[in-house]
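Quick notes on the structure that follows.
FYI, it's all coordinate maths here, none of it is from the lab. Keep in mind that what you see is a predicted model, and the values were worked out from it rather than measured. With ideal geometry, Cβ positions are generated from the backbone for all residues, glycine too; neighbour counts draw on all protein chains shown.
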């Protein structure tokens with residue numbers, strides 16, 4: 001059944017009646033990233049106003065593949081369970097060359113995690129859940145409020161906002177631009193992306209049909225059903241299937257978007273015409289980002305800050321990781337618990353994360369659409385060998401799937417502890433006697449003590465769970481004890497086999513002030 005787009009109520013804002021008090025934070029854009037940012041700030045006790053020029057959730061499924069880390073973040077925001085319940089859970093990906101399977105992978109081969117490897121769920125459902133959560137928290141959501149002007153001052157910014165009833169000015173200490181790939185805020189500051197635009201076009205088609213395709217990611221190189229170009233299939237809820245088809249740079253997008261061109265292509269993929277088009281789009285690859293994400297009183301997150309190709313599911317997922325890295329820091333600055341300079345750590349970490357995403361996305365794009373010459377010779381040789389030689393299969397690149405980057409922190413560490421839990425990494429989840437570890441690590445800074453008592457350090461919570469085999473494996477390795485300092489975004493800030501309260505306090509101050 002097609003999604004029922006219900007408009008949200010426009011309410012005339014108080015600024016139309018006269019000057020309103022300065023906001024602590026104004027968020028531009030009520031997509032998944034803007035909504036998530038507002039909820040994350042609310043979780044840290046900071047109110048924000050959200051401005052959006054529309055009054056419905058996004059039209060079309062758009063982002064559909066939500067990674068384990070994104071689901072963990074959404075769970076902390078209060079909507080993770082709804083997303084998993086509604087979505088299609090999967091962890092296996094299969095890659096084919098023509099009709100032969102040449103490579104497959106399992107993204108989460110081990111047990112002991114609350115969230116699955118991936119969930120396929122249309123972006124409009126995620127936005128609906130986030131809107132409901134924001135409304136429950138009393139967040140000020142202003143629909144049909146279009147930002148048309150921006151002026152920066154030393155300690156605040158002033159937005160000019162256009163509504164159906166007129167224009168008003170809104171002052172805010174901070175502005176977070178989550179207004180998408182064509183970001184008007186980015187244009188108002190005269191900023192542009194740096195990076196690469198790939199000369200390739202792809203068709204996205206969401207179709208509604210009854211089918212028994214498995215809950216897996218399926219990718220084809222040179223399939224017979226699509227003239228030798230690449231194709232991708234994902235299953236979504238409500239009998240919706242996502243199909244991506246490579247078209248080639250010389251195709252005319254105005255011609256290719258016509259149903260009479262799209263329907264025969266889809267018929268060749270699924271083998272019949274018993275389907276209905278739900279949503280279609282034609283896009284080109286971009287692997288680009290702003291040089292910096294923090295510009296005085298304006299901070300960029302999500303697609304307004306960086307763009308990648310959709311193969312690898314790095315768009316919406318990386319945007320939620322921006323929220324993860326920014327929310328607690330901005331809240332600390334607003335509350336006066338951290339200096340403004342701490343926001344430089346957000347810029348540093350998420351530029352690093354964006355570069356990792358851009359690198360992986362560019363490599364995937366070049367493998368799927370190689371230039372004539374060496375690139376094509378390499379791609380064709382790998383595909384030829386992958387069906388018969390083990391060493392070639394990992395080189396098949398149909399999109400390296402999104403995982404959180406490991407930030408290069410200069411923080412206390414100790415040899416011998418598991419590498420996956422090192423400083424800069426997201427703390428691995430694990431089952432506890434009464435829940436899950438990441439649930440217990442949500443909120444503020446936490447000292448996780450394993451095999452010993454946690455030192456009392458002002459500004460932290462102590463967590464000393466009973467040791468299980470999973471905790472030992474993921475946090476101790478062969479050691480008998482360890483101390484971990486975990487940030488509010490569930491990233492490991494520092495670790496020791498043992499530490500004094502003073503040592504933990506110094507690591508806490510460095511993390512809070514962005515000195516790591």
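Show me the ranking of peptides 337-345, 271-279, 32-40 by mean Cβ neighbours inside 10 Å, starting with the highest. Please list the in-between numbers first.
Working: 337-345: 16.6, 271-279: 14.0, 32-40: 28.3.
Order by mean packing, descending: 32-40, 337-345, 271-279.
Can you tell me which of 288-298, 74-84 comes out highest on packing, and rank the rest after it, using the mean Cβ neighbours within 10 Å?
Result, highest mean Cβ count within 10 Å first: 74-84, 288-298.
Only bridges whose two residues both fall in the chain count here: according to DSSP, what percent of them are antiparallel, nearest 5?
75
Could you tell me the center-to-center distance, by alpha carbons, between region 1-75 and region 383-400 in angstrom?
41
For 204, 266, what ranking results if the residue with the fewest other Cβ atoms within 10 Å of its Cβ goes first?
204, 266
Under 11 Å from a label point 7 Å along Cα→Cβ of residue 199: give me every residue in region 349-393 with its amide N that close.
Counting only backbone N, you get 371-372.
Taking a virtual spin label 7 Å from the Cα of residue 277 along the C-beta vector, which residues in region 208-246 bring their backbone nitrogen under 13 Å of it?
Those under the cut-off are 208.
In whole angstrom, how long is each semi-axis of the equivalent ellipsoid of region 419-513, when you take the square root of 5 times every eigenvalue of its Cα gyration tensor and sort them from largest down?
They are 19, 14, 13 Å, listed largest first.
Looking at (i) 70, 56, 47; (ii) 69, 51, 47; (iii) 65, 65, 42, which value of Cα extents along the principal axes in Å comes from a calculation on the structure shown?
Of the labelled values, this structure produces (iii).
For 413, 303, what ranking results if the residue with the fewest other Cβ atoms within 10 Å of its Cβ goes first? Write down the numbers at each step before the final one.
Details: 413 14, 303 24.
Ranking 413, 303 by Cβ neighbours within 10 Å, fewest first, gives 413, 303.
If contacts are Cα pairs under 8 angstrom and at least 6 residues apart, what is the relative contact order of region 419-513 in percent?
For region 419-513, the relative contact order is 31 percent.
Computed FRET efficiency, Cβ-Cβ of residue 153 and residue 100, R0 45 Å: what is it to the nearest 0.05? Each step should come with its number before you reach the end.
Values: r = 62 Å, r/R0 = 1.38.
E between residue 153 and residue 100, to the nearest 0.05, is 0.10.
Does region 280-345 classify as rounded, prolate or oblate by the C-alpha gyration tensor (a ≥ b ≥ c root eigenvalues; a/c under 1.5 gives rounded; else a/b over b/c gives prolate, otherwise oblate)? Walk me through the intermediate numbers first.
Working: a/c = 3.41, a/b = 2.34, b/c = 1.46.
In terms of gyration-tensor shape, prolate.
Enter the mean projected area of the convex hull around the alpha-carbon atoms of region 126-169, in nm², rounded to one decimal.
Taking the Cα atoms of region 126-169, their convex hull projects to 4.4 nm² on average.
Evaluate E = 1/(1 + (r/R0)^6) for residue 17 and residue 292, where r is the Cβ-Cβ distance and R0 equals 51 Å; express this FRET efficiency to the nearest 0.05.
Efficiency for this residue pair is about 0.85.
Order of 410, 384, 306 from fewest to most other C-beta atoms within 10 Å?
By the 10 Å Cβ count, ascending, the order reads 410, 384, 306.
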